[in-house]
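Student: I'd like to ask some things about the structure below.
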Amino acid sequence: MGKGMGLTTATPAATASSAVPGGGGLDDASTSGRGPRRAVERAWASLLPHADAIADDITLTLLDKDWHGEAGPELRADIRSSVREHVHRGIRTMAGL
């Protein structure tokens with residue numbers, strides 16, 4: 001992905017439940033009352049440790065475009081901060097947190 005730290009260099013979580021306190025792995029999702037939905041939430045939660053790398057890759061892609069090419073350091077910092085905030089918020093929402 002792009003020029004950033006991205007998903008290609010991030011180390012994957014051992015299990016999706018490792019990012020969720022008290023999680024017991026994906027296999028136990030079918031025994032819970034929420035079934036597959038909980039498994040999907042845990043999968044999203046497993047991305048939380050990588051949220052900054054994901055956001056930074058998106059930011060670099062945006063800044064690579066011609067219309068951001070002339071952006072000064074302040075605008076670049078604002079874009080990076082905004083993208084990080086949105087990625088964190090989106091992952092947390094999808095994880096049900």
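The values are calculated or read from the model by the stated rules, or taken from the named source; none is laboratory data. As the structure is a computational prediction, the values presented were derived from the model and not from experiment. No Cβ is skipped: glycine too gets one built from the backbone with ideal geometry, and neighbour counts run over all protein chains shown.
Student: Select from segment 67-92 the residues that are modelled with pLDDT under 90 and of a type in the set (Lys, Arg) and list them in ascending order.
Tutor: Within segment 67-92, 76 is the sole residue that qualifies.
Student: Could you check segment 6-66 for helices (runs of 4 or more DSSP H) lying wholly inside it with 2 or more residues that are out of contact with any Leu (no Cβ under 9 Å at 6 or more places or on another chain) and at pLDDT 90 or above?
Tutor: On the way: elements: 6-9, 36-45, 51-64.
Ranges flagged: 36-45, 51-64.
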